[in-house]
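Participant: I have a structure here, written as structure tokens, and I will follow up with some questions on it.
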Amino acid sequence: MAKSFSLGPVRVKSPPLERFQAFLEQGGKRLTAQRRQILEQVFSHHDHFDAEELLDHLRPLLAQRKLSRPTVYRTLNELVEAGLLRKMPLIGRSVYEHDYGYPRHDHLYCQNCNKLIEFHSPELDRLCAALAKEYRFQVTGHRMFVMGLCAECRKGEELKDEG
């Protein structure tokens, strides 16, 4: 049986909406309909995304002038500040991922199609802990991106080579 490196289910004390509302209230802000729509879109599925991809999903609301680009960007920053999203610089763009309740994990990154695959490896955790101990280093976190080509892109490259 193959070893699983998946992250498994995520359990949180309160839904992202409640946490975001509490964060906003602390700052004297309110949960507007626009912020709610953005949050609901972001947490409707678990994918990595950049701001342009989010804007594409929100295009109908933008076209109806029920939402603006600056509001989307501001809300993304607020979601990061609230600890709900993590912003990661990645080769010329910023990518967002869910952070609230998610365990520490790493990524395989396809340099062709930009696909990000999340994984968690206890072996990698042990290696980091051993290195930290050896060098008397206090680890506060880590983020690893393994660069390469995903199976689909490799298959496409193989087909080009044969033709």
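Participant: Condition (residue is crowded, with 16+ Cβ neighbours inside 10 Å and either touching a residue at least 60 places away in the same chain (Cβ under 8 Å) or in contact with an Asp or Glu (Cβ under 7 Å, 6 or more places away or on another chain) (or both)) applied to segment 54-64: is it met by at least one residue?
Facilitator: No: zero hits.
Participant: Please state which one of GLY101, GLY156 is within 14 Å of the chain's Cα centre (by Cα), modelled with pLDDT under 90 and small (Gly, Ala, Ser). Step through it out loud before you land on a result.
Facilitator: Details: GLY156 fails: within 14 Å of the chain's Cα centre (by Cα).
Matching residue, one of GLY101, GLY156: GLY101.
Participant: Quick one: PHE20 ticks every box in (1) aromatic (Phe, Trp, Tyr); (2) outside the structural domain of THR140 (by TED's automatic domain parsing); (3) in contact (Cβ under 8 Å) with a residue 60 or more places away in the chain; (4) under 30 Å from ALA151 (Cβ atoms) except a single one, so which number is it?
Facilitator: Result: PHE20 fails condition (4) only.
Participant: Could you please find all residues in segment 111-142 being over 21 Å from PRO89 (Cβ atoms) and either in a strand (DSSP E or B) or of a type in the set (Gly, Ala, Ser) (or both)?
Facilitator: Passing the criteria: SER121, ALA129, ALA130, ALA132.
Participant: Exactly one condition in (1) exposed (fewer than 13 other Cβ atoms within 10 Å of the Cβ); (2) closer than 28 Å to MET144 by Cβ is not met by HIS48; state its number.
Facilitator: Going through (1) exposed (fewer than 13 other Cβ atoms within 10 Å of the Cβ); (2) closer than 28 Å to MET144 by Cβ one by one, HIS48 breaks only (1).
Participant: Now a separate question. Can you name the number of the only condition in (1) touching a residue at least 40 places away in the same chain (Cβ under 8 Å); (2) closer than 18 Å to MET144 by Cα that PRO89 fails?
Facilitator: (1)
Participant: Continuing with this model, one more query. How many residues are surrounded by 11 or more Cβ atoms within 10 Å (Cβ to Cβ) and farther than 27 Å from PRO60 by Cα if we restrict to segment 10-26?
Facilitator: Residues meeting the conditions: 6.
Participant: Across segment 1-41, what is the total count of residues that are more than 19 Å from PRO103 (Cβ to Cβ) and at pLDDT 80 or above? Break it down into steps so the answer makes sense when it comes.
Facilitator: If we filter segment 1-41 for residues that are more than 19 Å from PRO103 (Cβ to Cβ), which is where we start, we get 1-2, 17-18, 20-41.
Add one more test, that the residue is at pLDDT 80 or above, and what stays is 17-18, 20-41.
Summing the residues that are more than 19 Å from PRO103 (Cβ to Cβ) and at pLDDT 80 or above in segment 1-41 gives 24.
Participant: Could you run through segment 84-119 and say how many residues are among the hydroxyl-bearing types (Ser, Thr, Tyr), within 24 Å of PRO16 (Cβ to Cβ), touching a strand residue (DSSP E or B) at 6+ places or on another chain (Cβ under 7 Å) and surrounded by 15 or more Cβ atoms within 10 Å (Cβ to Cβ)?
Facilitator: 1
Participant: Same structure again: Where in segment 57-110 are there strands (runs of 3 or more DSSP E), lying wholly inside it, with at least 1 residues that are of a type in the set (A, V, I, L, M) and either over 27 Å from GLU152 (Cα atoms) or in the same structural domain as MET144 (by TED's automatic domain parsing) (or both)?
Facilitator: In segment 57-110, the matching strands (runs of 3 or more DSSP E) lie at 85-90, 106-110.
Participant: Okay, next question. Go through the residues of segment 72-79 one by one and say whether even a single one is surrounded by 15 or more Cβ atoms within 10 Å (Cβ to Cβ), over 12 Å from ALA51 (Cα atoms) and in contact with a strand residue (DSSP E or B) (Cβ under 8 Å, 6 or more places away or on another chain).
Facilitator: Checked against the condition, which is being surrounded by 15 or more Cβ atoms within 10 Å (Cβ to Cβ), over 12 Å from ALA51 (Cα atoms) and in contact with a strand residue (DSSP E or B) (Cβ under 8 Å, 6 or more places away or on another chain), segment 72-79 yields at least one hit.
The values are calculated or read from the model by the stated rules, or taken from the named source; none is laboratory data. Just so it is clear, the model here is predicted, and its values are computed rather than measured. Here the Cβ is made from the backbone with ideal geometry for all residues, glycine too, and neighbour counts use every protein chain on show.
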